[in-house]
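Below you'll find the structure, written out as structure tokens, and then a few comments.
The values are calculated or read from the model by the stated rules, or taken from the named source; none is laboratory data. In this text the structure is predicted, and so the values were computed from the model without any measurement. Neighbour counts run over all protein chains shown; Cβ positions are idealised from the backbone, glycine included.
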Amino acid sequence: MMARENIERSMATRMTVIPIGVIHSPYKSLSECPRQTSKSEVIAEVEVFEQYAEGLKDIEGFSHLIILYWLHRSHGYSLLVRTPWDTELHGLFATRSPNRPNPIGISIVKLIERKGTVLRIKGIDAIDGTPLIDIKPSIPEFNEDEEVKRIGWLTERLKIKR
């Protein structure tokens with residue numbers, strides 16, 4: 001127990017997240033955001049701040065990117081939540097709820113084009129003005145050692161054959 005408390009205390013005083021840009025989307029409120037970004041055809045833009053522009057070198061060679069962002073309109077959380085797919089309560093970490101202890105959003109998006117420090121993308125569920133915290137290339141061979149085989153409590157809800 002003592003080790004965990006030391007880690008929590010140490011991390012709380014040393015963790016800093018700095019926005020590297022901003023996400024521009026047509027979504028002005030949480031209720032406008034799609035529930036599954038892979039189903040969205042909406043084009044949005046990721047603007048990377050000028051001091052990080054050099055970090056975009058060679059990004060055009062990737063068809064998909066992992067976008068990490070700060071859910072700045074998320075307030076509070078519950079460790080048990082209901083989702084749109086079920087009336088049962090589930091543990092927060094077994095859901096994709098935006099209300100989390102660390103409100104970090106993640107989307108795998110399709111890169112349409114790069115224009116300077118602006119990336120035109122498809123498939124994000126962030127509201128306009130969301131702080132961008134990181135970009136990584138999506139590389140399927142690195143992301144999974146094997147095909148996803150289990151999706152927990154969602155198996156019956158989504159009627160996916162596994």
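The table for this structure:
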read-out: Filter pass, Gly123 being free of Cβ contacts under 8 Å to residues at least 24 places away in the same chain and small (Gly, Ala, Ser); value: no
read-out: Close pairs from region 106-120: first touching a residue at least 12 places away in the same chain (Cβ under 8 Å), partner among the aromatic types (Phe, Trp, Tyr), Cβ under 8 Å, at least 6 apart; value: Ile106/Tyr69; Ser107/Tyr69; Leu111/Phe62; Thr117/Phe49; Thr117/Tyr52
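Here is a yes/no grid of residues against (1) in contact with a Cys (Cβ under 7 Å, 6 or more places away or on another chain); (2) modelled with pLDDT of 90 or more; (3) within 19 Å of Ile112 (Cβ to Cβ); (4) in a loop (DSSP other than H, G, I, E, B):
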position	(1), (2), (3), (4)
Arg35	no, no, no, yes
Glu41	no, no, yes, yes
Val46	no, yes, yes, no
Gln51	no, yes, no, no
Glu54	no, yes, no, no
Tyr69	no, yes, yes, no
His72	no, yes, no, yes
Tyr77	no, yes, no, yes
Val81	no, yes, no, no
